[in-house]
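What follows is a set of notes on a single structure, which appears directly below.
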Amino acid sequence: MGIRYSQATLYNQSAAAAGTAVGCDWRNSSVQQRRVYVSALTAPDTVVIEGSMDGVNWAPMGAPLTATGGLLIEGPIAYLRVTKTGTAAIATVTGIV
């Protein structure tokens, strides 16, 4: 049985904070890829895409992002969230998770 991917908004606000966790289907496939896209981000703000298997303990999935662009995440991840630093403007992060 394959993974059921869905489009999700991971973050869409100007506050410096951790966003709401979004659950990912991770149990039924050997190849797991999530695509995350930062469509709005104003310097000097940054966003970090974080992953978790339990929704409590979080780890960065890559280096902090400082500009618009994409990130490919491979491997089993049960939850994703975005943590933003800075309050210069709204950051918008969406993904196929």
> In region 40-54, which residues are out of contact with any Lys or Arg (no Cβ under 9 Å at 6 or more places or on another chain) and closer than 21 Å to GLY23 by Cα?
Replying inline: MET53, ASP54
>> Name the residue that is nearest to TRP58 (Cα to Cα), counting only residues in region 73-87 that are at pLDDT 95 or above and outside any strand (DSSP E or B).
In response: GLY86
>> Out of everything in region 17-49 that is over 17 Å from THR68 (Cα atoms) and at pLDDT 90 or above, what residue ends up being farthest from the chain's Cα centre (by Cα)?
In response: ALA17
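From the list ARG34, ARG27, which one is among the basic types (Lys, Arg) and not in a strand (DSSP E or B)?
Unique residue meeting the criteria: ARG27.
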> In region 45-72, which residues are free of Cβ contacts under 8 Å to residues at least 24 places away in the same chain and in a strand (DSSP E or B)?
Replying inline: ALA59, PRO60
>> From the list THR42, THR20, THR9, exactly one residue is assigned to a strand (DSSP E or B) and either aromatic (Phe, Trp, Tyr) or surrounded by 11 or more Cβ atoms within 10 Å (Cβ to Cβ) (or both). Which is it?
In response: THR9
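The values are calculated or read from the model by the stated rules, or taken from the named source; none is laboratory data. All values derive from a computational prediction rather than experimental measurement. Virtual Cβ from ideal backbone geometry, glycine too; neighbours counted across all protein chains shown.
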